[in-house]
1. What is the extension gain from K83 to D39, computed as 0.36 nm multiplied by their sequence separation minus the C-alpha to C-alpha distance, in nm to one decimal?
2. Sorted by packing (mean other beta-carbon atoms within 10 Å per residue), highest first, where do 90-98, 30-38 land?
3. Taking H placed 1.01 Å from N in the peptide plane, check which residues at least 5 places from Y92 or on another chain put their amide H under 5 Å from its amide H.
4. For a quick check: with amide H placed at 1.01 Å from N, whose amide H comes under 5 Å from D72's, ignoring anything fewer than 5 positions away on the same chain?
5. When the chain is fully extended, how far beyond the present Cα-Cα distance does V68 get from E50, taking 0.36 nm per residue of separation?
Amino acid sequence: MKSTRIGLAVLAAVFFMIGAAVAGDAKQVKLDVKGMMCDHCQGKVKSSLEKVAGVKNADVDWNSGSAVVTLDKADVKDEDLIKAVKSIGNRYDAKVASDEKEHKENKAKHH
Ligand SMILES: [Cu+2]
């Protein structure tokens, strides 16, 4: 019954790997982003966030003023993400999303 035992070992290894993959699941940070008013703004925020070391990708939606940042490493600081948004220009601001609020202000001036 050697093959059964090998089969079980393979099965155990597969389960172990699945467990590790789930445990090491990519971390996401949701940001409230202020200052975006069109696709162009959205693209700038996205590329700026994706330049931060440790960021895998950023899903940005200018209309709702939100960004979901997926991290490669868990140790990326929220502050670095916020800085990346602010570095685009004075009009831009970001904070870690707490709730739906204050998206609607700040839509007066545009580039
Ligand atoms: Cu714009």
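1. 13.8 nm
2. Result, highest mean Cβ count within 10 Å first: 30-38, 90-98.
3. HN-HN under 5 Å from Y92: empty list.
4. V55, K56
5. 5.4 nm
None of the figures in this text is laboratory data; all of them are computed from the coordinates on show. Predicted model, so just to flag it, every value in this text is computed and none were measured. Using ideal geometry, Cβ is built from the backbone for each residue, glycine included, and neighbour counts are taken over all protein chains shown.
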